[in-house]
Amino acid sequence: MKILQIVPSISLVYGGPSQMVLGLSEALANQGIEVTLVTTNSNGDAGQPPLDVPLGKPIKQHGYEIIYFPCSPFKRYKFSLDLLQWLSNNAANYDLAHIHALFSPVSTFSATVARQKKLPYVLRPLGTLDPADLQKKKLLKKLYGSLLEKPNLASAAAVHFTSEEEAKVSERYGTTTNDLIIPLGVKIPDNFPAPKTAREQFGIDETVPLILFMSRIDPKKGLDLLLPALKTLQKEGWQFHFVLAGANPQDPVYENSIKEQITNSPLGDISTIAGFVQGEAKLALLQDANIFVLPSYYENFGIAVAEAMATQTPVLISNKVHIWEAIQDAGAGWITPCNQEKLTETLRKTLQNSQDWEQIGSNARNLVKDKYSWNAIAKQLITAYSQLTTKQT
C-alpha cells in the first residue's frame, strides 16, 4: 500500500501536532507501508528564514521519503503551488492521502486536488474544528470553512479525530462525516539520561518536588490559571520548584509576558525558565519531574501529556485535554476543571499525597504502552486505510 502524508510544515516552530507526522510516517514504514511525506519549507510566520532543506527532491529517512516544496507565492499562509502541481501529477501513484490540518491553504487545496484526481483522502483537523479554536478570526474562519472546508469534509473518505471528545465537539459545517477515532502516538524511550541530570543542570534540590510545564507558551495552555495557583501554594508555604519549558516563536510578546510574570514575582525565586528543550535535555526534564501539568482550555489530544506519561511521570491536566478520561480511568494522573481555584486545590492535594506518585507514574507509562505507542497506532491506521481504499474500489 502506498500512502501519501501531507502536512503544511514539520518545523519545530509549529509544535507537536505537526511533528507527529514524522513519527507516524516512520511507524507506518516499519509496518511495510510505502510512505511519502510532502510538506513545505515553512519555518514560522514571524520573519524566520525558511528551513534549509533540498527542495523538490525525495529524501530517504527512517524507511520513508520526504519531499519539501517552497512556500510560494504566499509564505505567510503556507501556500505552495509547486506542492499542489506535484500532487496533481502524482496522485495516481498512491492509494490514499492523509492530510493534516484544516484552515491551511496547502491542506485545503491538497484535498481539492485529491478529490479532482479521485484519490481517497483522510483529513486530520488537529483541533481546528474545536468551537474554542474557531473563535479565533471567527468571521474569516466561518467564511473559509463554509466555502472551502465544507466540500473537503463532505468528500473525505474519513475524518481522523484523535479522541472521542474531539469528534464530539468538532464543527462539520452541516456535513455528515465518516469519523475515524485513533489517538496519536509517542515514542516510548528505552534508555534514559542518568537520574537527576536535569536537576543538576538547573540547580534544583533533589528533595524538592519538581512541577513541570512543557508545551508551547500559548494563551490556550492555561498559564493564566497555573501561575496564580502556584503563587497561592507558594504563599501557603508549600515546597516545590517550577520549571517552565517551551517557547512560542509565533507569539514572542505573549511568551515574554509569561516570563516576566514569573521573574517579577516571588515565584521567580523557585522557578526555572528552561526555554525550548528537545532530545536528551527534554527527556531528562520529563524524567526528573514529579508532576507534569497542562491546564489547557482545549487540546484535541495533548502530545506533551503522552510524552510525559511515557517517562513514568504523573500528569495533572484539565478536563479540556481530550484524553483526560483515559488518564482518569487508568489512574495515570489528576484531572481538574479550567478553574483557578480547582487547579490550586488539585495541585495542593497532589503535593500532599507524594506517596502516590510512583504508582500513578507506573500507571501512566502502562497506559502509553497500551494505547499510545506508535506501533499500536500504526496498526490501527493500516487497518483503517485498507478498509477505506477497499470502499473506493
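Each value in this text was obtained by applying a stated rule to the coordinates, not by laboratory testing. Bear in mind that the values here come from a model prediction, so they are computed numbers and not experimental data. Methodologically, a virtual Cβ is constructed for each residue, glycine included, from the backbone with ideal geometry; neighbour enumeration extends over all protein chains shown.
For this structure, a couple of remarks:
- Ascending count of other beta-carbon atoms within 10 Å, so fewest first, for CYS338, CYS71: CYS338, CYS71
- Charge dipole (debye, nearest 20) of the chain; +1 at Cβ of Lys and Arg, -1 at Cβ of Asp and Glu: 1280 debye
- Straight Cα distances below 21 angstrom link LYS57 to the lysines LYS2, LYS75, LYS78, with same-chain residues fewer than 8 positions distant left out.
- ASP251 paired with LYS150, simple spin-label distance in nm, labels 7 Å along Cα-to-beta-carbon: 2.9 nm
- Partner aspartates and glutamates whose Cα lies under 12 Å from the Cα of LYS118, excluding those fewer than 8 positions away in the same chain, are identified as ASP95.
- With one equal scatterer per alpha carbon and no solvent term, the Debye-computed log10 I(q)/I(0) for the chain at 0.13, 0.15 1/Å reads -1.10, -1.41.
- Peptides 279-291, 376-388 ranked from most to least packed, by the mean per-residue count of other Cβ atoms within 10 Å: 279-291, 376-388.
- Per-peptide packing, taken as the mean over residues of other Cβ atoms within 10 Å, places 58-66, 202-210, 326-334 in the sequence 326-334, 58-66, 202-210 from highest down.
- Taking the square roots of five times each eigenvalue of the Cα gyration tensor of region 197-371, the equivalent ellipsoid has semi-axes of 22, 18, 17 Å, listed largest first.
- Label zone at LYS371 (point 7 Å along Cα-to-Cβ), backbone N below 16 Å, region 147-185: 161-168, 181-185
- In nm, spacing of pseudo-spin labels at LEU139 and ASN339 (7 Å Cα→C-beta vector): 3.5 nm
- Relative packing of peptides 116-124, 270-278 - highest average C-beta neighbours within 10 Å first: 116-124, 270-278
- Order of VAL253, VAL21 - criterion: other Cβ atoms within 10 Å of each residue's Cβ, fewest first: VAL253, VAL21
- Given charges at beta-carbon only (K, R positive; D, E negative), |dipole| of region 197-371 in Debye: 240 debye
- Vicinal HN-Hα couplings computed from phi for region 330-340 (Karplus, 6.51 cos²θ - 1.76 cosθ + 1.60; Hz; Gly/Pro x): 8, x, 9, x, 10, 10, 9, x, 7, 8, 4
- Vicinal HN-Hα couplings computed from phi for region 100-117 (Karplus, 6.51 cos²θ - 1.76 cosθ + 1.60; Hz; Gly/Pro x): 10, 5, 9, 6, 10, x, 4, 6, 4, 7, 5, 5, 5, 5, 4, 5, 5, 8
- 3J(HN,Hα) from dihedral phi, region 192-205, Karplus parametrisation 6.51/-1.76/1.60, rounded to Hz, x for glycine, proline: 10, x, 4, x, 6, 4, 5, 4, 5, 4, 9, x, 9, 4
- Across region 75-169, the fraction of Cα-Cα pairs farther apart than 17 Å, rounded to a whole number, is 51%.
- Nearby aspartates and glutamates by direct alpha-carbon distance to LYS342 (threshold 14 angstrom, same-chain neighbours under 8 apart not counted): ASP224
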